[in-house]
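These notes concern the structure reproduced below.
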Amino acid sequence: MQKLSMLPGNVFSGVRLDRADHRRTDADWIEAQLHDPVSRFIPVWNQQSIVLNGDEPRAALINREALDGLLDSDASMAFLGIALEEDGVAHFAVDLSHLPVETLIARYSGGALMDLRDSVQLVPAHEAAILAYARGLMYWHQKNGYCAACGHKSEARRAGHERACTNQACGATHFPRTDSAVIVLVHDGDDCLLCRQSHWPTGMHSTLAGFLEPGES
């Protein structure tokens, strides 16, 4: 898997899905799509995704049958949207972090677990965008099992796009967080300033980047 793809400018924003917000509260429709054999599921394991090996690596977008025996009460799920192509096929993210890694790899032979930063240069850009979308939602669910207002357990609502406190006296609703960041290219003519962290792979460098603080421009 050495072939690298040419990355577009906003690599993680090219999701070819209609997010279909109006369907998120339609429990019957969501349930039907969850059991539709043509629906696609994007598995996430501890923030890693499965990339299928080959001359042209692809993200693992699997059907429901491929999840048989792997789902339990610990498996978070979220409706991502319906494909703008493929006659509106529904796409879901599913968190399989509760499984031993050996179980996952044995089920999806020919695939490898990869971090998003590694897979983005291998799979098609629109698939990288879906992987980022799925990973972001599953990470949020993983880190927000309890209400930030009162500490009681929270539960997923609106097909995975909200979490609601189970404490009726509180009733707080929480939404996926977004963290504003800035990426800059400091240059002097044809020269530019790059940086790296000590734990990065050899030869990996980056432009300067960081999160915005409240009120910072």
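Read the figures in this text as sums done on the coordinates, not as results from a lab. Since the model is a prediction, treat every value here as computed from it, not as a measurement.
Can you compute the equivalent ellipsoid semi-axes for the range 17-143, i.e. the square root of 5 times each eigenvalue of the Cα gyration tensor, sorted largest first and rounded to whole Å?
Details: eigenvalues 92, 59, 39 Å².
Ellipsoid half-lengths, sorted descending, are 21, 17, 14 Å.
Over the range 17-143, what is the percentage of antiparallel beta bridges among all DSSP beta bridges, to the nearest 5?
Looking only at bridges with both residues in the range 17-143, the antiparallel portion is about 75 percent.
According to the Cα gyration tensor, what semi-axes, each the square root of 5 times an eigenvalue, does the equivalent ellipsoid of the chain have, listed from largest to smallest in whole Å?
30, 25, 17
Per residue of the range 173-179, what does 6.51 cos²θ - 1.76 cosθ + 1.60 with θ = phi - 60° give for ³J(HN,Hα)? Whole Hz please, x for Gly and Pro, Karplus curve as stated.
Couplings: 10, 10, 10, x, 8, 10, 10 Hz.
Identify which of Gln197, Gln168, Gln48 has the largest mean-square fluctuation in a Gaussian network model of the chain, with springs joining Cα atoms closer than 10 Å.
In this elastic network of the chain, the residue with the biggest mean-square fluctuation among Gln197, Gln168, Gln48 is Gln197.
Over the Cα atoms, compute the radius of gyration (one decimal) and Dmax (the largest Cα-Cα distance, rounded to a whole number) for the range 140-217, in Å.
For the range 140-217, the Cα radius of gyration and maximum Cα-Cα distance read 19.7, 61 Å.
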